[in-house]
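Presented below is the structure to which this report refers.
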Amino acid sequence: MSARLRCKVLDSLAAYVPGALVLDVCAGSGAQGIEALSMGADRVVFVDLSPAALNLVKSNVDLCSPEPLDCVQLRRLSADRYLEDLALGLYAEDEHDLILFVSPPYGSSQEICEAACRAFPAIALPRSSATFLVLQHPPRLDFSLQDPAASEAIERRTYLAGDSQATIFRLEPGVDPAEHPADAGEEDDGLQVES
């Protein structure tokens, strides 16, 4: 995710990041999770299948924090497997808001983003705290949730910057998405926002 797009996405989530559990799937360099840590996330789990990527994440976390961080976990798993396990309730406790970043390499972005969209209702609907899915993908792709129970309860926002797009799905128990509409049509530093 470009720095501009990451900044806009994290700004839009700023009220939820402090104290949140952040899951950075297809972590790459770990930029999203590390930024979330700097914004007060309670815990960040970096997930990547590549040992080289996880070593890079560890190096970047160490550069950003001179002291060891107990709030950081590294998991070597495929995105598909981790998302399936999340949907089964294996990793995410319900005490924190949950922000799930999925930033796959562009060559596999459609399959991994579709898997995240399939898993998200099972992850989000049983929770009693706010839950976000942030997909990073090429602008030519469009994603939606297929679960009818989720489609009315979940807000969707899209941010576009250059050749990269982020789609955010949000489910917050007790909050009607219609009462908190996305910033449709807003432009900010060349970023387009659609609902």
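We did not get these values from a lab; they are worked out from the coordinates using the rules stated. On a predicted model such as this, the values are computed, not experimentally measured, just so you know. Positions of Cβ are backbone-derived with ideal geometry, glycine not excepted, and every protein chain shown enters the neighbour counts.
Sort the following peptides by mean Cβ neighbour count (other Cβ atoms within 10 Å, averaged over residues), highest first: 133-145, 12-24, 49-61.
Details: 133-145: 18.0, 12-24: 19.8, 49-61: 15.6.
Going by the mean number of other Cβ atoms within 10 Å, highest first, we get 12-24, 133-145, 49-61.
When a/c is below 1.5 the answer is rounded, else prolate if a/b is larger than b/c, else oblate, so apply that to the range 13-88 with a ≥ b ≥ c taken from the square roots of the Cα gyration tensor eigenvalues.
Working: a/c = 2.05, a/b = 1.16, b/c = 1.77.
In terms of gyration-tensor shape, oblate.
What list of ³J(HN,Hα) couplings, whole Hz, do you get for the range 51-65 from phi and the Karplus terms 6.51, -1.76, 1.60, once you set θ to phi - 60° and write x for glycine and proline?
The phi angles translate into x, 5, 5, 5, 5, 5, 4, 4, 4, 5, 4, 4, 5, 7, 9 Hz.
Cβ neighbours within 10 Å, averaged per peptide: list 78-85, 114-121 in order, most packed at the top.
Details: 78-85: 18.8, 114-121: 21.4.
Peptide ranking by packing, descending: 114-121, 78-85.
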